[in-house]
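Everything below concerns the one structure shown next.
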Amino acid sequence: MKVLIPSALRSYTERSDVAASGATLAAVLADLDRRYPGIRFRMIDEQQQMRPHVRFFFDGEPLHELSQPLRSDGELIIVQALSGG
Amino acid sequence: MAQDKEESVVQAQDRAVDAAETRHVVLLVATRKGAWIYHGDAARDSWRVDGPHFLGHIISHLVLDPRDGRTLLAAAKTGHLGPTIFRSTDLGRNWREAARPPAFAQSAASDGLPGRSVDHTFWLTPGHADETDVWYAGTSPQGLFRSTDGGITWAPFSCLNDDPQYRQWMGSAQDGTPDGAKLHSIIVDPRDGRHLYLAMSSGGVHESVDGGETFKPLLEQLAVVEGFDRANPTFHDPHCVRLCPSNPDRLYQQNHCGIYRLDRPSEQWLDIGKNMPPAVGAVGFPMVVDPRDADRAWVFPMDGTSVWPRTSPAGMPAVYATRDGGNSWQRLDAGLPSSQAWWTVKRQAMTADRLQPLGLYFGTSSGELWMSRDEGQHWQCIARHLPEIYALEVAAAATVSELLEVDGAASTASAATAASAAIAAAKAP
């Protein structure tokens, strides 16, 4: 699937959209980490929780669980949510 | 400690001084919005700025490895992303991210305690001189980590991070500092790499004599806020603890409740803050010791009255120095603003070099960098308009010829430099 990468994470991917595969959000993030080592930990902490200012949307719908199933023909958008100051 | 070990410490220090004379001084500035490296000339008269590195990243600590003079570790996170460590082996020209940054064990490994997540690495300490590539990291919330490969991978000290007693002493988020409870002041005894000290805000000062397999509190005679039990480490808030390199049996501590000295093997801290002028008080965050004279130390007092402004008392910033182990203190403010300067200097943002006469440095939360070439007698500002300064380290760095031996990828400073050139070009007539 196509994954849109926010600017804060492009130091890993060096581009704004990349391809990744997986049947769940967790699997897609694992695939991303294989391709771009270290990127997952910047988004998901060691207790497997989404970090407070990182959000995930699949075909426009917000994702709240890593176990959420994803279709291979959809579009995952990773968003750096508000973090001010 | 055995005499032969003491001699080896002195010899090691002499070697370090010799190395410093052939290298150059760098000031490592960690800020809320990136890192800067200031390269000083031999007289410390002029400074060449290199940076920003990691513009926009929150850099809590930037530390040079004294064992090689060229390896830098930067503790970083951003407003959006989780924490990590960046590593450079060529004094910041090229950076690579740690393969496994500090991370706590998952909750299942924590004996039923709720799992914790590292918010940021706050403190970095190089390991013992004989343990090449060993580093220690202290995190927020309180956690201790160790790397044995120069900072590439990090492992938790679960004996402390996940110990039920220690977890209780660490308290809750409400017991921590405003930007998160933290483990800091990780100290390695220069005579024995297995002898460690660390401090937690909150949680007190602790010692290990077995390389971190076990720790025990070191809190006797330390004051806590009135009404609380001083025997409970939870109520202790050490702001900064330093060991004297010339006498590793002596520690100084700037604490939430005062300034203290400890002469081992005693476990009783001596209140030396009571000798500060009452109008100034004994509250502050940094603690700096003389690398060659254990009777000399410096603090930067801040207002700890009423709602704790944490600014220079009366808006008149000053460093206070002792030459007699804290029995007396002298005000050092020549060159500093005489009024309306409401500065805050954080616990990692004041330091000393190893040159003669000794140079002292501090950075303010309003982004000013100040130094003294004469042990605090006179001060001058060497940089303004930086972001909030979190930490300041001064070190002897490798020479250019040494650094040229290393190759690598593009510098993180290049993007900002390119942007600066583009803006300058756009402004040109």
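The values are calculated or read from the model by the stated rules, or taken from the named source; none is laboratory data. These numbers were taken from a predicted model, which means no experiment stands behind them. When we count neighbours, we look across all protein chains shown, and the Cβ atoms used for this are built from the backbone with ideal geometry, even at glycine.
Taking B:Arg331 and the conditions (1) over 21 Å from the mean Cα position of the chain (by Cα); (2) under 26 Å from B:Ile187 (Cα atoms); (3) of a type in the set (Lys, Arg), which numbered condition does it fall short on, given that it satisfies the others?
Here B:Arg331 meets the rest and fails (2).
Tally the residues that are free of Cβ contacts under 8 Å to residues at least 24 places away in the same chain and closer than 15 Å to A:Leu9 by Cβ, restricting the search to segment A:38-56.
5
Those residues that are over 18 Å from A:Met43 (Cα atoms), assigned to a loop (DSSP other than H, G, I, E, B) and of a type in the set (S, T, N, Q), I need them from segment B:74-122; list them, please.
So the first thing to find is which residues in segment B:74-122 are over 18 Å from A:Met43 (Cα atoms), and the list is B:74, B:87-96, B:107-114, B:122.
Filter again for assigned to a loop (DSSP other than H, G, I, E, B), leaving B:89-95, B:110-114.
Of everything in segment B:74-122, those that are over 18 Å from A:Met43 (Cα atoms), assigned to a loop (DSSP other than H, G, I, E, B) and of a type in the set (S, T, N, Q) turn out to be B:Thr89, B:Asn94, B:Ser110.
Specify which of the listed residues (B:Gly151, B:Gly92, B:Gly112, B:Gly69) is at positive phi and surrounded by fewer than 16 Cβ atoms within 10 Å (Cβ to Cβ). Outline the logic, then answer.
Working: B:Gly151 fails: surrounded by fewer than 16 Cβ atoms within 10 Å (Cβ to Cβ); B:Gly92 fails: surrounded by fewer than 16 Cβ atoms within 10 Å (Cβ to Cβ); B:Gly69 fails: surrounded by fewer than 16 Cβ atoms within 10 Å (Cβ to Cβ).
Exactly one residue qualifies, and that residue is B:Gly112.
Counting only residues that are in a strand (DSSP E or B) and either on the phi > 0 side of the Ramachandran plot or more than 8 Å from chain B (Cβ to nearest Cβ) (or both), how many does segment A:61-85 have?
9
Could you please let me know if B:Gln106 is more than 14 Å from chain A (Cβ to nearest Cβ) and modelled with pLDDT under 95? Steps first, answer last, please.
Numbers: more than 14 Å from chain A (Cβ to nearest Cβ): no; modelled with pLDDT under 95: yes.
When the stated conditions are applied, B:Gln106 does not pass them.
If the requirement is being in contact with a His (Cβ under 9 Å, 6 or more places away or on another chain) and farther than 22 Å from B:Phe145 by Cα, which of these qualifies: B:Val241, B:Val225, B:Val209?
B:Val225
Got a sec? Which of B:Ala396, B:Ala349, B:Ala341, B:Ala391 is touching a helix residue (DSSP H, G or I) at 6+ places or on another chain (Cβ under 6 Å), hydrophobic (A, V, I, L, M, F, W, C) and under 25 Å from B:Pro178 (Cβ atoms)? Spell out how you get there, then give the answer.
Values: B:Ala396 fails: under 25 Å from B:Pro178 (Cβ atoms); B:Ala349 fails: touching a helix residue (DSSP H, G or I) at 6+ places or on another chain (Cβ under 6 Å); B:Ala391 fails: touching a helix residue (DSSP H, G or I) at 6+ places or on another chain (Cβ under 6 Å).
The match here is B:Ala341.
So which residues in segment B:109-147 are among the aliphatic types (A, V, I, L, M) and facing chain A (nearest Cβ under 10 Å)? Spell out how you get there, then give the answer.
Initial filter on segment B:109-147 (among the aliphatic types (A, V, I, L, M)): B:109, B:113, B:118, B:124, B:129, B:134, B:137, B:144.
Listed by number, the list holds a single entry, B:Val118.
Residues are listed down the side, and each one gets a yes or a no for (1) more than 30 Å from B:Trp308 (Cβ to Cβ); (2) in contact with a Gly (Cβ under 9 Å, 6 or more places away or on another chain); (3) surrounded by fewer than 21 Cβ atoms within 10 Å (Cβ to Cβ); (4) in contact (Cβ under 8 Å) with a residue 60 or more places away in the chain:
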| site | (1), (2), (3), (4) |
| --- | --- |
| B:Gly143 | no, no, no, no |
| B:Phe157 | yes, yes, no, no |
| B:Asp163 | yes, no, yes, no |
| B:Arg167 | no, no, yes, no |
| B:Ser172 | no, no, yes, no |
| B:His184 | no, yes, no, yes |
| B:Arg191 | yes, no, yes, yes |
| B:Leu198 | no, yes, no, yes |
| B:His206 | no, no, no, no |
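Looking only at segment B:123-141, filter to residues that are in a loop (DSSP other than H, G, I, E, B) and either touching a residue at least 60 places away in the same chain (Cβ under 8 Å) or closer than 17 Å to B:Val63 by Cβ (or both); which one of those is nearest to the chain's Cα centre (by Cα)? Give the derivation first.
Taking segment B:123-141 as the starting set, the residues that turn out to be in a loop (DSSP other than H, G, I, E, B) are B:127-134, B:141.
With the extra rule that they be either touching a residue at least 60 places away in the same chain (Cβ under 8 Å) or closer than 17 Å to B:Val63 by Cβ (or both), the set shrinks to B:127-134.
On the way: B:Gly127: 14, B:His128: 16, B:Ala129: 18, B:Asp130: 21, B:Glu131: 20, B:Thr132: 20, B:Asp133: 19, B:Val134: 17 Å.
If we take residues in segment B:123-141 being in a loop (DSSP other than H, G, I, E, B) and either touching a residue at least 60 places away in the same chain (Cβ under 8 Å) or closer than 17 Å to B:Val63 by Cβ (or both), then B:Gly127 is nearest to the chain's Cα centre (by Cα).
How many residues does segment A:43-62 contain that are within 23 Å of B:Lys77 (Cα to Cα) and over 10 Å from the mean Cα position of the chain (by Cα)?
Within segment A:43-62, residues that are within 23 Å of B:Lys77 (Cα to Cα) and over 10 Å from the mean Cα position of the chain (by Cα) number 8.
Give the residues of segment A:4-60 that are polar (S, T, N, Q), more than 14 Å from chain B (Cβ to nearest Cβ), over 22 Å from B:Gly56 (Cβ atoms) and assigned to a loop (DSSP other than H, G, I, E, B), sorted by residue number. Give the steps one after another, and end with the answer.
From segment A:4-60, those polar (S, T, N, Q) are A:7, A:11, A:13, A:16, A:21, A:24, A:47-49; that's our starting set.
Retained after the next criterion (residues that are more than 14 Å from chain B (Cβ to nearest Cβ)): A:16, A:21, A:24.
With the extra rule that they be over 22 Å from B:Gly56 (Cβ atoms), the set shrinks to A:21, A:24.
The answer is A:Ser21, and nothing else.
Considering only segment B:121-141, state which residues are of a type outside the set (Val, Ile, Thr) and either in contact with a strand residue (DSSP E or B) (Cβ under 6 Å, 6 or more places away or on another chain) or surrounded by 21 or more Cβ atoms within 10 Å (Cβ to Cβ) (or both). Full working, then the answer.
Taking segment B:121-141 and keeping what is of a type outside the set (Val, Ile, Thr), we get B:122-124, B:126-131, B:133, B:135-138, B:140-141.
Scanning segment B:121-141 gives B:Phe122, B:Trp123, B:Leu124, B:Pro126, B:Gly127, B:His128, B:Trp135, B:Tyr136, B:Ala137, B:Gly138, B:Ser140, B:Pro141.
Scan segment B:69-83 residue by residue and report those that are more than 14 Å from every other protein chain (Cβ to nearest Cβ) and over 15 Å from B:Arg100 (Cα atoms).
Matches in segment B:69-83: B:Gly69, B:Arg70, B:Thr71, B:Leu72.
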